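Throughout, read-outs are computed from the coordinates displayed, never taken from laboratory work. Remember, predicted model here, so these are calculated numbers, not experimental data. Here Cβ is always computed from backbone atoms with ideal geometry, including for glycine, and neighbour counts include all displayed protein chains.
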Amino acid sequence: MNRREFLKHALTVAAFAPMTSLVAKEGLDGDKSSEGKGRQITRRRYKNTALTVPLLGFGMMRLPRLSPDKPDIDYATTEKQIAMAMEVGLNYFDTAYFYHDGLSEKCAGDLLSRYPRDRYYLVSKMPVRALKKEADVERIWNEQLARCKTEYFDFYLVHNLNRERWADTGKFHVYEFLKRKQKEGKIRKLGFSFHDEPEVLKVIAEAHPWDFGQIQLNYLDWTIYRSREQYEILTKLGIPVIVMEPLRGGALATLNPEATAVFKKADPAVSTASWALRYAASLPNVLCVLSGMTLTEHLEDNIRTFTDFQPLTDAERKTIEAALAAYRKSGAIACTECRYCTPCPAGVNIPRVFGLYNQAKTTGNTGHFRLVYDKMSPDEKASACVDCGACLKKCPQHIPIPEILKKIASEMEAPQKKIAVHPVPDYESFV
């Protein structure tokens, strides 16, 4: 976005104010802040109410693991991270039914229940893709309350909506059930998360008086994933935005050397991740930006970014544009490693293959790829793909997975094959 477009966009957003005004070190409903305990991250007010939310949210989709190949959570490390987060007012914790193969909600309940319930926001989601009959809605709801050791959710979402799941939401009367729970005080704010085209988002957003909407938004997806259009739809309807995937599953935190050099030249003191997080958080109708902080260093860096948060300047936006141009040349796949494509019927470890390939592409070093990939079982490798298409229906990014797996197999599995530096197939047309 050039300067003129950005200013025009900012004025458009301002026309729909008040949305979420910036507030620092202020309590949530007068009670949920950690004010008085040292540095505090910036908060934003929910519309024109007394309720405030930390601008940075603690995503519980990518918690520290005991083993990289298993979903089991490292409780000791996660407990320390939660304590660090709570100390600075980072008290918005976002989990979901399927995160860590169902272990994330239990972890949230086990660790957060050690704190007074009115000191943090607990967030979870109704997994529409798990519903087979209407009775499943209440069954899963009760299971989530038990897992999370809570009597209510501060924020609750209909999870991962697209055209197909929106139809199932109506079929199983999901919204009506959750609205009843909201009237009973079991849900404080009711929203939805979304992965599809803006045209579908508009239908969903206009269907009910939602309290908030959660969309994928970052400087790479602003155009190719049409995040800008999604953001503007919610903004015009007066629906505050929660941002997910601000780092594209970590891709925008580990850029190729050329893109990294652009950022380091502009400000050598800050991380590449900080630039991406500030991009999302600088939008005025963004209430909270979620980040899955697997390593404690990630959490520490994010706290620095969101303490006394500073929106991007025009010059900094130009820096991001330059870095993005350099990153596009690497040919990395726009995969967030969300694992929604798993399990593969043929056994291919799609997220792992894509992650290794992206690392090789962005660094130009195939050594680590070969070290790990060559030890994977034949069924896990790209060449095991049978082109059944099951993954295509599941991928929120609409990546042509079988096509790219064939490319990876051809490029990387031949003995001593040297990685080529050129773009992957034009998956952007599928987004």
For Gln214, the residues 5 or more places away or on another chain with a placed amide H closer than 5 Å to its own amide H are Phe192, Ser193, Phe194, Ile242
Measuring from its Cα centre, the chain shows a charge dipole (+1 at each Lys and Arg Cβ, -1 at each Asp and Glu Cβ) which, in debye to the nearest 20, is 300
Out of Pro378, Trp275, Pro402 - ranked by how far each Cα lies towards the positive end of the dipole of the chain, with unit charges on the beta-carbon of charged residues - the top one is Trp275
per DSSP, antiparallel bridges as share of beta bridges in the chain, % nearest 5, sits at 20
With x for Gly and Pro, the residue-by-residue ³J(HN,Hα) of segment 232-238, computed from phi through the Karplus equation 6.51 cos²θ - 1.76 cosθ + 1.60 at θ = phi - 60° and given in whole Hz, is 5, 4, 5, 5, 5, 8, x
So, for the Cα atoms of the chain, Rg and Dmax in Å stand at 21.1, 63
Exposure-ranked with fewest Cβ neighbours within 10 Å first, Thr52, Thr254, Thr150 stand as Thr254, Thr150, Thr52
From fewest to most C-beta neighbours within 10 Å, the residues Glu199, Glu143 line up as Glu199, Glu143
When the charge dipole of the chain is computed with +1 at the Cβ of Lys and Arg and -1 at the Cβ of Asp and Glu, the Cα pointing farthest to the positive end, of Ala334, Ala315, Phe369, is that of Ala315
Given unit charges at Cβ for Lys, Arg (+) and Asp, Glu (-), the dipole magnitude of segment 103-223 about its Cα centre in debye, nearest 20, is 480
In order over segment 165-177: 3J(HN,Hα) from phi, Karplus 6.51/-1.76/1.60, θ = phi - 60°, whole Hz, x for each Gly or Pro, gives 6, 5, 5, 5, 4, x, 4, 9, 6, 5, 4, 4, 5
For Ile187, other-chain or 5+-apart residues with amide H closer than 5 Å (H placed, Pro excluded) are Phe153, Gln182
Across Pro284, Pro378, Pro396, the residue with the highest GNM fluctuation in the chain (Cα network, 10 Å cutoff) is Pro378
With -39,500 (n - 2.57) per DSSP H segment of 4 or more residues and division by the full residue count of the chain, the 222 nm estimate, nearest 500 deg cm²/dmol, is -12000 deg cm²/dmol
In the neighbourhood of Cys341 defined by beta carbon distances under 10 Å, the net charge of the other residues (Lys, Arg +1; Asp, Glu -1) is +2
dims of segment 177-305, Cα set, principal axes, largest to smallest, nearest Å -> 51, 31, 21
Computed ³J(HN,Hα) along segment 178-186: with the Karplus parameters 6.51/-1.76/1.60, θ = phi - 60°, integer Hz and x for glycine or proline, the list is 5, 5, 5, 5, 5, 5, 7, x, 7
Connecting every pair of Cα atoms under 10 Å apart in the chain and solving the GNM, the largest mean-square fluctuation among Leu237, Leu190, Leu161 falls on Leu237
Which residues qualify? For Gly57, with a placed amide H closer than 5 Å and at least 5 residues away or on another chain, they are Val289, Leu290, Ser291
When Asp211, Asp69, Asp168 are ranked with the fewest other C-beta atoms within 10 Å first, the list becomes Asp69, Asp168, Asp211
Quick calc, segment 223-347, dipole around Cα centre from Cβ unit charges on Lys, Arg (+) and Asp, Glu (-), nearest 20 debye, gives 340
As a percent rounded to 5, the proportion of antiparallel DSSP bridges among beta bridges in segment 161-252 is 0
